[in-house]
1. Out of all the residues in the stretch 46-99, which are on the phi > 0 side of the Ramachandran plot and charged (D, E, K, R)?
2. Scan Ala81, Ala16 and give me the residue that is at pLDDT 90 or above, touching a strand residue (DSSP E or B) at 6+ places or on another chain (Cβ under 7 Å) and of a type in the set (A, V, I, L, M, F, W, C).
3. State which residue pairs qualify: first residue closer than 27 Å to Arg90 by Cβ and inside the stretch 57-78, second residue assigned to a loop (DSSP other than H, G, I, E, B) and polar (S, T, N, Q) in any location, beta carbons under 8 Å apart, and separation of 6 or more residues or different chains.
4. Given the criterion within 30 Å of Leu8 (Cα to Cα) and at pLDDT below 80, identify the matching residue among Ala46, Ala40, Ala52, Ala34.
5. Out of the stretch 1-44, which residues are part of a loop (DSSP other than H, G, I, E, B), surrounded by 10 or more Cβ atoms within 10 Å (Cβ to Cβ) and of a type in the set (Gly, Ala, Ser)?
6. In the stretch 64-75, is there at least one residue being farther than 30 Å from Thr5 by Cα, assigned to a helix (DSSP H, G or I) and modelled with pLDDT of 85 or more?
7. Checking the structure you have, find out if any residue of the stretch 85-98 is touching a strand residue (DSSP E or B) at 6+ places or on another chain (Cβ under 9 Å) and not β-branched (Val, Ile, Thr).
8. Search the stretch 61-88 for residues being surrounded by fewer than 10 Cβ atoms within 10 Å (Cβ to Cβ) and β-branched (Val, Ile, Thr), and hand back the single one that is farthest from the chain's Cα centre (by Cα).
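The values are calculated or read from the model by the stated rules, or taken from the named source; none is laboratory data. In this text the structure is predicted, and so the values were computed from the model without any measurement. Here Cβ is always computed from backbone atoms with ideal geometry, including for glycine, and neighbour counts include all displayed protein chains.
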Amino acid sequence: MSEITPELVRHLGVLARIRLDDGEVERLTGQLDAIVDNIAKVSEVATPEVVATSHPIPLENVFRDDIPGGELTTAQVLQNAPDVADQRFRVTAILGEEQ
């Protein structure tokens, strides 16, 4: 038995302040009815014996350990910089103040 009727869809449209024409009401009636039927099927399967899960497979950290590696020299860091001054990156002022 269908729980969703065209009258219910029209009422929902009024509550949501959405103007629906007859074609949209007909289409949404079928779609909403299918959604309600699918929810009912899931509810039949959901029993107290079945534990609710958010993930079917247990989650675990897949990242590698954070182990410090070799350090770069100042020359290595600055070798591809477009502009260098006093062993630092040189950039243009962004606040309009020259230093």
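1. Step one: of the stretch 46-99, the residues on the phi > 0 side of the Ramachandran plot are 86-87, 96.
The answer is Asp86, and nothing else.
2. Ala81
3. Thr74/Gln87; Leu78/Gln87
4. Numbers: Ala40 fails: at pLDDT below 80; Ala52 fails: within 30 Å of Leu8 (Cα to Cα); Ala34 fails: at pLDDT below 80.
Criteria check complete, one pass: Ala46.
5. Narrowing the stretch 1-44 to residues part of a loop (DSSP other than H, G, I, E, B): 1-5, 16-21.
Narrowing the set further to residues that are surrounded by 10 or more Cβ atoms within 10 Å (Cβ to Cβ) leaves 2-5, 18, 20.
Listed by number, the list holds a single entry, Ser2.
6. First, the residues of the stretch 64-75 that are farther than 30 Å from Thr5 by Cα: 64-75.
When the remaining residues are screened for being assigned to a helix (DSSP H, G or I), the result is 74-75.
Within this subset, residues satisfying the condition of being modelled with pLDDT of 85 or more are 74-75.
There is at least one residue in the stretch 64-75 that is farther than 30 Å from Thr5 by Cα, assigned to a helix (DSSP H, G or I) and modelled with pLDDT of 85 or more.
7. So the first thing to find is which residues in the stretch 85-98 are touching a strand residue (DSSP E or B) at 6+ places or on another chain (Cβ under 9 Å), and the list is 90.
Imposing the further condition that a residue be not β-branched (Val, Ile, Thr) reduces the set to 90.
Yes - at least one qualifying residue is present in the stretch 85-98.
8. Checking each candidate, the answer is Thr73.
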